[in-house]
1. If r is the Cβ-Cβ distance from Ser23 to Glu108 and R0 is 22 Å, what FRET efficiency results, to the nearest 0.05?
2. Taking the chain as the reference, fit the longest principal axis to its C-alpha atoms, fit the long axis of helix 2-51 to the helix C-alpha atoms, and give the angle between the two in degrees, 0 to 90, nearest 10.
3. Given the alpha-carbon gyration tensor of the stretch 67-168, what are the semi-axes of its equivalent ellipsoid in whole angstrom, ordered largest first, with each equal to the square root of 5 times an eigenvalue?
4. Label Asp177 and Val98 with points 7 Å out from Cα along Cα→Cβ: what is the distance between them in nm?
5. Given a cut-off of under 8 Å on Cα pairs at least six residues apart, what relative contact order in percent is computed for the chain?
6. For the stretch 54-157, give the magnitude of the charge dipole about the Cα centre (Cβ charges: +1 Lys/Arg, -1 Asp/Glu; no others), in debye to the nearest 20.
7. Given a Förster radius of 35 Å and the C-beta distance between Phe49 and Leu16 as r, what FRET efficiency does 1/(1 + (r/R0)^6) yield to the nearest 0.05?
8. Go through 38-50, 169-181 and give me the packing order, highest mean Cβ count within 10 Å leading.
Amino acid sequence: MSLFLLILFIPFLNFLTIIIFGSYLGNKGSSYLATINLGITCSLAFFVFITTLGVKELTIIRLFPWVSLGDFQVWWDFYFDFLTIMMFLIVTFISFLVHLYSISYMSEDPFQSSFMSYLSLFTFFMLMLVSSGNFFQLFLGWEGVGLCSFLLISFWSDRVYAVGSAIKAIVINRIGDMGLLL
């Protein structure tokens, strides 16, 4: 059960570590740390996937209340079934490959550590989206993915087409929000 949460929160810890200590780690250190941790996350997801092949039960992890208004309560719930675990494997594997590719692609960029932190945060929100146990948490994951998409698309803000594309992504995300709310 704790492996599920470890897979979920390693990318978030990547993000926090790089945001807080990125200037000390440098671009290469931040990139290697994020990529190695994503490789570990992907390996854990693969291990959980292999060990749960054929298991049809649902694992629910309830952490603590998120919203509590009288009788109305929304908890931080995470649902893990075989489909969720399979999505964890897909998301972490692709994210690991993107992190790995970004080491060389972004090697000359002075803000490489920020880019890697955004990638890790994107991975975290994707994992939250696929494992959310309620609509509010699903919406938080969806909004987080939208925010990270904007940050990654507009990363080179001095390029006009990047900023224009980021604004288009936000508009499309708002349309998706309406569909999700409906």
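1. The pair Ser23/Glu108 has a calculated efficiency of 0.75.
2. For 2-51 against the chain, the angle is about 30 degrees.
3. Working: eigenvalues 181, 66, 21 Å².
The equivalent ellipsoid of the stretch 67-168 has semi-axes of 30, 18, 10 Å.
4. Those two pseudo-labels are separated by 2.1 nm.
5. Working: 226 pairs, mean separation 42.9, N = 182.
Reported as a whole number, the value is 24 percent.
6. Numbers: 2 positive and 7 negative charges, 23 e Å.
It works out to roughly 100 debye.
7. Rounded to the nearest 0.05, the efficiency is 0.85.
8. Working: 38-50: 18.2, 169-181: 11.9.
Per-residue mean Cβ counts within 10 Å order the peptides as 38-50, 169-181.
FYI, it's all coordinate maths here, none of it is from the lab. This one's a predicted model, so the numbers in the text were calculated from it and none came from an experiment. Here Cβ is always computed from backbone atoms with ideal geometry, including for glycine, and neighbour counts include all displayed protein chains.
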